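Right, one structure below, let's go through it.
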C-alpha cells in the first residue's frame, strides 16, 4: 500500500475521534505535489497517493512547466459540526514555509474547549517530515500516544516508516511500512508489517499500476493469510479529458472472481475544484446510492465548507462520516472523520523561489495549440524517446533522437488533446498539447 496510506490507516485504526488526519507532510507535500487522499470505512477507504499524477509528472491539467510556488495555502482552523451542532475544532500552527508544526483538536464541552488530540511534526533541512508525534488529552494533560519515524532515499522518496506506541512510559514498536518506487519515482508497491511476539509479521500489501500518462490505473490490495498474499480489493480509476479523476470502481475478490462493490463518481468544476463525490454500493440489480459529499471553495481552490449525507428512505439525510480538506487547488491531503460538516479558514505562506519570466523550460512543446508541426525542445543532447499519446494513453507517434531540438509533424492527427512524453535516463516529463 502507499506509504502515506499506511501511516494514516494506522492512525485511524488506533484513534477515530474525529481528528484531522494529515499525510503528516511525509513527502513534504507542498514541494512535491504528492498530496493525499484517504477515507476510512463505509464507503471510506482511499489511497494517500494522488491518482491523477504522482511526482515527478506534471498535473495533467497544466500545459506549462511546473515551477516552485511563491505562495501556498494551508488550513488554519476547522470548525466541526455533527447533526446536532458544533462539537469540535482543529487548530493548526505552521512554520514560515507552511509546513504543519502542530495540529490540535479540541471538543466543545460545557461551553469550554477541551483538549482532545494533537499531532506534532519535525523536519530535516530539506523540509522532509522526520517524525510525527501524536498525543491525547487526559485530565488537562497531554499524554504520548503514537510516534512515527520516517526514512528517505537519496532522491527524497519516503521508503520506510516505523510506528511506535506509548506503553508504560516507553515507546514500543508497533508496525512498519516499506515502499518500492519505479524509475520515474512513482510508488509501485507498499508493504505493512506488524510487530508481534518479537518478530515482524506481514499484514497488508498494495500494488499500484499506472497508465501511459503516469496516472494511477489500478490499486490491488492484498492481505497476508496462511503465509501468502491474498487479493482482497481492486480499484480502477478513470479520468476526464482534462486529466481530473472522474470515477473509481471498487471490486472485491470472491471465490477467485472480482465482483462489484462500490462505485464513486466525482463532479469537478471548470477550475478543477471537486464539488461532489457520489458513492454507490452494488445491489442485487445495480448501483444503489450510499453517501455523497459536497464542497464549496474560495477563489484559491481551498475548500471552505464540506458536508456529507447518507441515502436513507429514498432521501439524502445528514450523516456523521468523513470529509476531505482541499487546499490550493490540489487533491486533498487531510481527512476529517466522525462529522456531518465543517467550515474552514486558510492562511497563505510565501515559500520557494518563483520562476523568472521567460525562464527556459527543460522540455518544451510549441506552438500550443498547433494545427500542423510542432517543435520539441530540450536542454540536453542525449538519447531520448518522444511519444505522442491520445487521452486513452494509446501511443500514436514515437521518435528516438539525440537532438536537443526536433520538429514533429502532427498534421495527420485529428483535432483534440494529446500528451507528449519525453523519456531518457534522467526520468519522464509530460506536456499537454491541443491539436486544432
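Considering only residues of the stretch 120-129 that are closer than 15 Å to residue 151 by Cβ and assigned to a loop (DSSP other than H, G, I, E, B), which is modelled with the lowest pLDDT?
Residue satisfying both the conditions and the ranking: 126.
If residue 111 satisfies all but one of (1) under 21 Å from residue 348 (Cβ atoms); (2) out of contact with any strand residue (DSSP E or B) (no Cβ under 6 Å at 6 or more places or on another chain), what's the number of the condition it fails? Looking at each condition in turn, residue 111 falls short on (1). Screening the stretch 79-119 for residues that are free of Cβ contacts under 8 Å to residues at least 40 places away in the same chain and outside any strand (DSSP E or B) and picking the one that is nearest to residue 323 (Cα to Cα) gives 84. Per the conditions (1) over 27 Å from residue 253 (Cβ atoms); (2) in contact with a strand residue (DSSP E or B) (Cβ under 7 Å, 6 or more places away or on another chain), the sole criterion not satisfied by residue 198 is (2).
A count restricted to the stretch 383-395 and to residues that are exposed (fewer than 13 other Cβ atoms within 10 Å of the Cβ) and either out of contact with any strand residue (DSSP E or B) (no Cβ under 6 Å at 6 or more places or on another chain) or at pLDDT 85 or above (or both) stands at 3.
On inspection, residue 201 passes the criterion of being assigned to a strand (DSSP E or B), out of contact with any helix residue (DSSP H, G or I) (no Cβ under 8 Å at 6 or more places or on another chain), more than 30 Å from residue 429 (Cα to Cα) and free of Cβ contacts under 8 Å to residues at least 24 places away in the same chain. The requirement of being under 21 Å from residue 391 (Cα atoms) and out of contact with any helix residue (DSSP H, G or I) (no Cβ under 8 Å at 6 or more places or on another chain) is not satisfied by residue 286. Restricting the stretch 216-265 to residues that are touching a residue at least 60 places away in the same chain (Cβ under 8 Å) and part of a loop (DSSP other than H, G, I, E, B), the residue that is farthest from the chain's Cα centre (by Cα) is 241. Looking across the stretch 417-436, just one residue is surrounded by fewer than 13 Cβ atoms within 10 Å (Cβ to Cβ) and closer than 14 Å to residue 374 by Cβ, and that is 436.
Let me spell it out: the conditions are (1) surrounded by fewer than 19 Cβ atoms within 10 Å (Cβ to Cβ); (2) outside any strand (DSSP E or B); (3) in contact with a strand residue (DSSP E or B) (Cβ under 7 Å, 6 or more places away or on another chain), and residue 213 meets all of them except one. Which number is the exception? (1) is the only condition that residue 213 fails. Against the conditions (1) without any contact (Cβ under 8 Å) to a residue 60 or more places away in the chain; (2) crowded, with 16+ Cβ neighbours inside 10 Å, residue 123 satisfies every one except (1). Can we say residue 148 is crowded, with 16+ Cβ neighbours inside 10 Å, within 24 Å of the chain's Cα centre (by Cα), over 21 Å from residue 235 (Cβ atoms) and touching a residue at least 60 places away in the same chain (Cβ under 8 Å)? The answer is yes for residue 148. Contact map, the stretch 398-425: residues that are on the phi > 0 side of the Ramachandran plot and modelled with pLDDT under 85 paired with residues that are in a strand (DSSP E or B) and surrounded by 11 or more Cβ atoms within 10 Å (Cβ to Cβ), Cβ distance under 8 Å, separation 6+ or inter-chain. Pairs shown: 416/434; 416/435. Can residue 161 be described as modelled with pLDDT under 90 and within 23 Å of residue 185 (Cα to Cα)? No.
The values are calculated or read from the model by the stated rules, or taken from the named source; none is laboratory data. Predicted, not measured: the structure shown is a model, and the values here were computed from it. For neighbour counting, all protein chains shown are included, and Cβ atoms are generated from backbone atoms with ideal geometry for every residue, glycine included.
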